[in-house]
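> Have a look at this one.
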Amino acid sequence: MNDHRLPIPQPPAQIAPFVQVLGLELTVAFLLRFGGAELHLSEDPRANSQLVALVGLENARALGQLLTVPRRIPLAKPWLAAWLRAKGTSTAEVARTLHVSDVTVRGWLKARDATPNLRPTTAKDRF
């Protein structure tokens, strides 16, 4: 792990509804568990579902009420890579977590740093 912490990246629009309901930390766990596959979100989820086990009954209900959620849960791997690195996770561990190569992770991070609208915003950038 690296002591140099980076700013937390802004979530992309495709996962913003999840962040609104779950918050950042739980959204990351949700994407790592369910990303890339279809997931039926119901206003009346089963108490023994995998979704309820991860996010809780109230959060699962709140997700079921969202109208802007895609049927297939996004992977958002470039954002997850940036978020994990910002939390101090090593590049190698990010690669293992996301099941990609370290070269891929470095490429995502380099592209994010090179593209102004993908970089995390700081107070200095806002004024």
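The values are calculated or read from the model by the stated rules, or taken from the named source; none is laboratory data. What you see is a predicted model; the values in this text were computed from it and never measured. All Cβ positions, even for glycine, are placed from backbone atoms using ideal geometry, and neighbour counts span all protein chains on display.
> Of everything in the range 83-92, what is in contact (Cβ under 8 Å) with a residue 12 or more places away in the chain, farther than 19 Å from PRO17 by Cα and not basic (Lys, Arg)? Give them in sequence order.
LEU84, ALA86, GLY88, THR89, SER90, THR91 - these are the residues of the range 83-92 that are in contact (Cβ under 8 Å) with a residue 12 or more places away in the chain, farther than 19 Å from PRO17 by Cα and not basic (Lys, Arg).
> Right, another one. Scan the range 95-110 and report the pairs whose first residue is assigned by TED's automatic domain parsing to the domain that holds GLY36 and under 11 Å from LEU80 (Cβ atoms) and whose second residue is of a type in the set (Lys, Arg) and exposed (fewer than 14 other Cβ atoms within 10 Å of the Cβ), with Cβ atoms within less than 9 Å and a gap of 6+ or a chain change.
Pairs found: none.
> Another question, if that's okay. Pick from PRO70, PRO7, PRO11: which is surrounded by fewer than 18 Cβ atoms within 10 Å (Cβ to Cβ), assigned to a loop (DSSP other than H, G, I, E, B), in contact with a Ser or Thr (Cβ under 9 Å, 6 or more places away or on another chain) and at pLDDT below 95?
It is PRO7.
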